[in-house]
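Derivation of every value follows stated rules applied to the coordinates shown; laboratory data play no part. The shown structure was predicted, so the numbers you read here are calculated from the model rather than taken from an experiment. Quick reminder, even Gly has a Cβ in these numbers, built from the backbone with ideal geometry, and neighbours come from all protein chains shown.
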Amino acid sequence: WINDGCRIEAPDYEIEDRERLKNALRALDRTLDDLNRKRGTKNMKFSMVSGDVLKLECGALVVGIPAGGLTPTAEALDKASEGAVSRWIEAGDIHPCVGKVAVFRDFPGCKAERVVFVGLGKCKARDFQRVLKLGIDNAYLGKEVVLTTLEWLPDEVPEWIAEQSGFIACTALDRPKNYKTFDINWKKPKNIDLYVPDENKDIEKAYAEGVSVGVGVQMAKQYGDMPANLCTPKFMAEECMKLAGSLGLDVTVFDEKAMEKLGMGCLLGVAKGSHQKPRMVVIEYHGGKKDDAPVALVGKGLTFDSGGISLKPAKGMDEMKYDMCGAAAMIASIATAAAMKLPVNIVAAVGFTENMPGSSATKPGDILKSYAGKTVEVLNTDAEGRLVLCDVLAYTIDKFKPKCVVDAATLTGACVVALGNDIAGLFSNDEELAMSLMMAGDTAMDPVWRMPLDISFTKALKSNFADLANISDSRGAGACTAAAFLEKFVGDTPWAHLDIAGVANKSGKEKGSTGR
């Protein structure tokens, strides 16, 4: 059934069911703007301002203070205030140490209501996001906030600074949606503007692109933070369908019967223990030439992972709602690409299901048959993400013949042990693709670290009863053996796997999705 750019692969639906779904789809009018409104950024605007910085009438002017000198704006403020900036730096009221913030109202010689001084130290690119977020956090009461960040990193490309400024401006005041009966109504500025001495179209474009990326990150965070009783496979499929109308995407939703006909035994094996029916969603964006092969993005979408029969420990199990962050990231990525009208064809394929210990759940020792025809012995039902991904990867490569495929998944705790919570693991069978992703990660301040793929990891997955087992027979190199499992389903297609288990969300007092 095709309607408004959406296609549901469910051949056994009766006509009345189709009409019901058709009417429901038309009633679903929530789009990216709605997501932004929920997170409090819908009414915020992002633009450029130029001219004399001292004459800008704004709620807050954010100024950087580097170690051993003053930026042009700080020098102008110092001169207009007859040396007040220099005196207060000497006295310690304004400090150049990285992350130190000082706020002054009615600063002499300046029309801004308040000036926010942010210590830059010997600011490097890796510190930029943190110090800018602190500056915006302390300026949020101002109705209009003006950023002078183009002066902060003289050795960096101005367009990169502008893009990062737009991204942080969009996300710095982001607060996770919660379900409290009473919550603080966060006041946010109406405008966050980037100051440029003279108009510059390239910088303006870069700033706007940074904001677009920020909106995409907000979308990924929104989905990741939702509780699993609301964020079900069906709900996520409906959310993907809504993107079709707002962004001009083609969306195909496969229900359980459609996946059975395709032979996706591994994905369906994970879903057997839950009453929530699985979905596979394929989103297509046609931004390039008609005959160009697409870039494929594949995401793991476990809306909740209890571990199945191989049940996880109780402590921290609430965070298993974040096991769909790989899928959320890929959905947000293709939505952002469409919003920015990137000149490339993209297909995003995500598998959504729960992993629960129901009476019909897959058991350790069961053997499943994948879409690719390979059989898999399930030695641990908590190694379920690779079972979902192997079917979605094989289908995507078979159906779309992509030029390359990148998957993202909160796949293994072993990757968290290896790399911690700041760097994602990268596995790839293609050197050029791996280098491109490493460079992109550095540019986007979302770094990855190349991890090994070796025949020894594949040998560790041997099974006496099936083509391969879903875990190795030893405890070592868990992230590597998981990647080696996936590699068996991609053939010669250039492929990269991002294990984002450590970076997708934060725990403790900062519990929440990161959108990375």
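Could you tell me what percent of the DSSP beta bridges with both partners in the chain are antiparallel, to the nearest 5? Walk me through the intermediate numbers first.
Details: 29 of 77 bridges.
About 40 percent, rounded to the nearest 5.
Once each part is reduced to its C-alpha centroid, what is the distance from region 453-468 to region 272-286 in angstrom?
For region 453-468 versus region 272-286, the Cα centre distance is 28 Å.
If you take all C-alpha pairs in the chain, what percent of them are over 39 Å apart?
Roughly 30 percent, once rounded to a whole number.
So between Ala314 and Ser474, what do we pick up on full extension, going 0.36 nm a residue minus the alpha carbon distance?
Computed gain between Ala314 and Ser474 is 55.2 nm.
What's the long-distance tail for region 74-182, i.e. % of Cα pairs beyond 20 Å?
45
On a full-extension model of 0.36 nm per residue, what is the gain between Lys363 and Ser47, subtracting their alpha-carbon distance, rounded to one decimal in nm?
108.2 nm is the gain from fully extending Lys363 to Ser47.
Compute from the Cα atoms of region 230-342 the Rg and the Dmax, the latter being the longest Cα-Cα distance, and quote both in angstrom.
Taking only Cα atoms of region 230-342, I get Rg and Dmax of 15.6, 50 Å.
As a test of the formula, what do you get for the chain when each DSSP H run with n ≥ 4 contributes -39,500 (n - 2.57) and the sum is divided by the residue count, at 222 nm and rounded to the nearest 500 deg cm²/dmol?
-11000 deg cm²/dmol
Taking Rh as the Kirkwood radius computed over C-alpha pairs, what is the Stokes-Einstein D of region 90-136 at 25 °C in a medium of viscosity 0.890 mPa s, expressed in µm² per second?
Diffusion coefficient, whole number: 216 µm²/s.
Report the full-extension gain for the segment Asn229 to Met340: residue separation times 0.36 nm, less the Cα-Cα distance, to one decimal in nm.
Residue separation times 0.36 nm, minus the Cα-Cα distance, leaves 36.7 nm.
From the phi of every residue in region 481-498, what ³J(HN,Hα) in whole Hz does the Karplus formula 6.51 cos²θ - 1.76 cosθ + 1.60 yield, where θ is phi - 60° and glycine or proline is x?
Here the 3J(HN,Hα) series is 5, 5, 5, 5, 4, 5, 4, 5, 10, 10, x, 8, 5, x, 9, 9, 10, 10 Hz.
In the structure displayed, which of Lys234/Lys341; Lys289/Lys401; Lys45/Lys205 lie more than 20 Å apart, Cα to Cα?
Flagged as over cut-off: Lys234/Lys341.
Would you kindly work out the equivalent ellipsoid of region 340-447 from its C-alpha gyration tensor and give its semi-axes, the square roots of five times the eigenvalues, largest first in whole Å?
29, 20, 13
Would you list the P(r) distribution for region 280-425, with all Cα-Cα distances sorted into 5 Å bins from 0 and each bin expressed as a whole %?
Per 5 Å bin, starting at zero, the Cα-Cα P(r) for region 280-425 comes out as 2, 9, 17, 19, 19, 14, 10, 5, 3, 1, 0 percent.
Find the Cα radius of gyration of region 402-508, compare it with 2.2 N^0.38 Å by division, and give the number to two decimals.
1.07
How much of the pair distance distribution for region 164-301 lies past 20 Å, counting alpha-carbon pairs only, in percent?
Here the long-distance tail beyond 20 Å is 64 percent of all Cα pairs in region 164-301.
How far apart, in nanometres, would the label points at Asp422 and Lys79 be if each is projected 7 angstrom from Cα along the Cα-to-Cβ direction?
Going by the 7 Å Cα→Cβ label model, 3.9 nm.
If you add up the charges near Asp137, with Lys and Arg at +1 and Asp and Glu at -1, over every other residue whose beta carbon is less than 12 angstrom from its beta carbon, what do you get?
Details: positive: Arg130, Lys133, Arg175, Lys188; negative: Asp174.
Around Asp137, the surrounding residues sum to +3.
Please report, for the Cα atoms of region 188-231, the Rg to one decimal and the Dmax as a whole number; what are they, in angstrom?
Here Rg and the maximum Cα pair distance are 15.6, 51 Å.
On a C-alpha basis, how far is the centre of region 139-168 from the centre of region 406-446 in Å? Whole number, if you could?
Taking the Cα centre of each part, region 139-168 and region 406-446 sit 27 Å apart.
Using DSSP, restrict attention to beta bridges with both residues in region 85-206 and report what percent are antiparallel, rounded to the nearest 5.
Antiparallel: roughly 55 percent of the beta bridges in region 85-206.
Skipping prolines and chain starts, which residues have an amide H placed within reach, meaning under 5 Å, of the one on Lys143, given they are 5 or more residues away or on another chain?
Placed amide hydrogens put Gly59 under 5 Å from Lys143.
Which whole-angstrom value gives the distance between the alpha carbon centres of region 218-268 and region 355-381?
Here the two parts' Cα centres lie 22 Å apart.
P(r) for region 181-255: what percent of alpha-carbon pairs falls in each 10 Å bin, starting at zero?
Distribution as computed: 13, 29, 30, 20, 7, 0 percent.
Exactly which chymotrypsin sites (Phe, Trp or Tyr not before Pro) in region 399-503 are in a DSSP loop and have at most 13 other Cβ atoms within 10 Å? Intermediate values should be presented prior to the final figure.
Details: sites: Phe400, Phe427, Trp449, Phe457, Phe465, Phe485, Phe489, Trp495; in loops: Phe465, Phe489.
Counting only loop positions with at most 13 other Cβ atoms within 10 Å, the chymotrypsin sites (Phe, Trp or Tyr not before Pro) in region 399-503 are Phe465.
Using the 2.2 N^0.38 Å rule of thumb for compact globular proteins, work out how region 476-516 stacks up: its C-alpha Rg over that value, please. Provide the component values of the computation, followed by the final result.
Numbers: Rg = 14.1 Å, N = 41, 2.2 N^0.38 = 9.0 Å.
Here the answer is 1.56, to two decimals.
What does the charge count around Ala414 come to, taking other residues whose C-beta lies under 10 Å from its C-beta (Lys +1, Arg +1, Asp -1, Glu -1)? Working shown, then result.
Details: positive: Arg475; negative: Asp499.
After counting each charged neighbour, the total is 0.
Within the chain, what is the longest stretch that has no GluC sites (Glu not before Pro) placed in a DSSP loop and near at most 11 other beta-carbon atoms within 10 Å?
Working: sites that count: Glu14, Glu57, Glu82, Glu199.
Longest run free of exposed loop sites: 200-516.
By how many degrees, 0 to 90 and rounded to 10, does the Cα axis of helix 125-137 deviate from the longest principal axis of the chain?
Roughly 70 degrees, rounded to the nearest 10.
For the pair Asp492 and Asp442, what calculated FRET efficiency results from E = 1/(1 + (r/R0)^6), where r is the Cβ-Cβ distance and R0 = 22 Å, to the nearest 0.05? If you can, show how the numbers build up before the last one.
Working: r = 28 Å, r/R0 = 1.26.
Step by step, r from the Cβ atoms, then E = 0.20.
What does the charge count around Glu432 come to, taking other residues whose C-beta lies under 15 Å from its C-beta (Lys +1, Arg +1, Asp -1, Glu -1)?
Value of the local net charge: -1.
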